[in-house]
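Student: Submitted below is the structure of interest, expressed as structure tokens.
FYI, it's all coordinate maths here, none of it is from the lab. Small disclaimer: the values here were computed from a predicted structure and weren't measured. Because the Cβ atoms are built from the backbone with ideal geometry, glycine has one as well, and the counts that use them run over all protein chains shown.
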Amino acid sequence: MSMKKRVGILISGRGSNMVSLIEAARAPEYPAEIAVVISNRPSAGGIALAQQAGIATVVIDHKDFATRMAFEAKLHQALLDAKVDLICNAGFMRMLTGGFVDRWKNRQLNIHPSLLPSFPGLDTHERALRDGVRIHGCTVHFVRLEMDTGPIIAQAAVAVLAGDTPESLAQRVLAAEHKLYPHALSLVASGAVTVEDEEVTRHHPDDPPPPLFSPALRR
Ligand code: GAR
């Protein structure tokens with residue numbers, strides 16, 4: 001029986017972070033496997049890329065649903081059908097309600113193109129350049145109700161260079177994202193990190209197991 005965590009990736013667009021997760025998960029020792037890719041947009045370029053990689057895909061067009069809750073009920077069911085343990089939002093541009101976020105609490109990750117809590121939301125590279133920051137980057141965090149918030153799992157820093165444009169900076173940050181997301185997912189899937197008091201704790205391999213897996217609770 002496979003001990004790998006089953007992951008559902010949520011996308012809305014081109015899916016380059018999705019591809020980086022799919023590629024990382026090909027390694028035999030990687031602690032997660034990609035069970036399904038779900039897009040809320042039928043036109044998302046990532047769907048074809050997932051299919052080419054032999055991954056099951058589902059399109060759940062949010063426009064077909066009268067309410068956010070109805071859309072999320074369908075999304076939740078699709079994730080259950082695929083027996084998903086963890087969700088990775090990878091350029092998934094749809095706000096989720098508290099009901100969905102709570103059901104997947106500490107099991108849903110998101111990648112964002114800034115060093116959170118700086119620059120949540122859109123146009124992060126443009127805003128970083130406008131504010132004159134010298135260090136920019138990307139963040140993988142657990143999802144909470146408020147957009148681009150939640151306990152931080154991992155970050156990568158990218159230097160802002162003289163003459164950078166939003167496009168040139170975006171390109172270097174995206175390259176960092178493609179390394180960071182597989183790393184962050186492996187930390188979560190392997191149990192190397194857990195969330196306590198809204199903070200991510202990193203466990204050394206020699207540490208005693210986190211409380212969730214203590215012998216007392218396992219009985
Ligand atoms: C990525 O840069 C990701 O960090 C960002 O959307 C892009 C998706 O690209 N996500 C957010 O801004 C979430 N707030 P991709 O589809 O090629 O992975």
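Student: Highest mean first, what order results for 182-188, 128-134 on Cβ atoms within 10 Å? Display every interim value, and only then the final one.
Tutor: Details: 182-188: 22.3, 128-134: 13.1.
Going from most to least packed, we get 182-188, 128-134.
Student: What dipole magnitude, in Debye to the nearest 20, does the chain give about its Cα centre under +1 on Lys/Arg Cβ and -1 on Asp/Glu Cβ?
Tutor: Dipole about the Cα centre, nearest 20: 480 debye.
Student: Taking 0.36 nm per residue of sequence separation and subtracting the Cα-Cα distance, how much length would be gained by fully extending the chain between residue 43 and residue 197, in nm to one decimal?
Tutor: Numbers: separation 154, 0.36 × 154 = 55.44 nm, distance 3.92 nm.
Separation in residues times 0.36 nm, less the Cα-Cα distance, equals 51.5 nm.
Student: Run through the DSSP bridge list for the chain and note the antiparallel percent, rounded to the nearest 5.
Tutor: Details: 15 of 32 bridges.
For the chain, the DSSP antiparallel bridge percentage is about 45.
Student: For an R0 of 35 angstrom, estimate the FRET efficiency from the Cβ-Cβ distance between residue 81 and residue 183 and round to the nearest 0.05.
Tutor: Efficiency computed from Cβ-Cβ geometry: 0.80.
Student: Let me ask another. Going through the DSSP H helices of the chain, which span 27 Å or more along their own axis at the Cα atoms while scoring at least -0.5 as a mean Kyte-Doolittle hydropathy? Intermediate results must be reported in sequence, preceding the final value.
Tutor: Details: long enough: 166-189 (33 Å, 0.21).
Within the chain the helices that satisfy the rule are 166-189.
Student: While we're on this one: At R0 = 25 Å, how high is the FRET efficiency between residue 14 and residue 61 if r is their beta carbon distance? Nearest 0.05 is fine.
Tutor: Details: r = 17 Å, r/R0 = 0.70.
For R0 = 25 Å, the calculated efficiency reads 0.90.
Student: With loop defined by DSSP as not H, G, I, E or B, and exposure as at most 12 other Cβ atoms within 10 Å, which is the longest segment of the chain clear of exposed GluC sites (Glu not before Pro)? Please report the intermediate quantities before stating the final value.
Tutor: Values: sites that count: 29, 146, 198.
Of all site-free stretches, the longest is 30-145.
Student: Just to be sure I understand: with springs between alpha-carbon atoms less than 10 Å apart, which residue in 111, 34, 60 has the highest mean-square fluctuation in the Gaussian network model of the chain?
Tutor: Comparing 111, 34, 60 in the GNM, the peak value goes to 60.
Student: For a protection proxy built on the mean count of beta-carbon atoms within 10 angstrom, sort 8-16, 39-47 highest first, please. Don't skip to the answer; put the middle values down first.
Tutor: Values: 8-16: 22.1, 39-47: 18.6.
Peptide ranking by packing, descending: 8-16, 39-47.
Student: Mean residue ellipticity at 222 nm from the helices of the chain, using -39,500 (n - 2.57) per DSSP H segment of n ≥ 4 over the full residue count, to the nearest 500 deg cm²/dmol? Don't jump to the answer; show the numbers that get you there.
Tutor: Working: 7 runs with 72 residues, N = 219.
Roughly -9500 deg cm²/dmol at 222 nm, from the helical runs in the chain.
Student: With the cut-off at 25 Å, tell me which of the pairs 63/179; 4/63; 5/105; 4/179 have Cα atoms farther apart than that.
Tutor: Working: 63/179 33 Å; 4/63 34 Å; 5/105 16 Å; 4/179 20 Å.
From 63/179; 4/63; 5/105; 4/179, over 25 Å: 63/179; 4/63.
Student: Count the net charge of all other residues whose Cβ sits under 12 Å from the Cβ of residue 79, scoring Lys and Arg as +1 and Asp and Glu as -1. Please list the in-between numbers first.
Tutor: Working: positive: 6, 74, 83, 103, 107; negative: 72, 81, 85.
Around residue 79, the surrounding residues sum to +2.
Student: Still on this structure, I have one more. How many nm is it between the label spots at residue 130 and residue 175, if each spot is 7 Å from the Cα in line with the beta carbon?
Tutor: Those two pseudo-labels are separated by 2.7 nm.
Student: So what does the Cα-only Debye profile of the chain read at q = 0.19 Å⁻¹, as log10 I(q)/I(0), no solvent term?
Tutor: Log-scaled intensity ratios, in q order: -1.50.
Student: Now a separate question. Please state the shape class of region 1-127: rounded when a/c is under 1.5, otherwise prolate if a/b exceeds b/c and oblate if not, all from the C-alpha gyration tensor.
Tutor: Details: a/c = 1.37, a/b = 1.13, b/c = 1.21.
Cα axes put region 1-127 in the rounded bin.
Student: About the Cα centre of region 1-69, what is the dipole size in debye to 20, counting +1 per Lys and Arg Cβ and -1 per Asp and Glu Cβ, all else neutral?
Tutor: Dipole magnitude for region 1-69 comes out near 140 debye.
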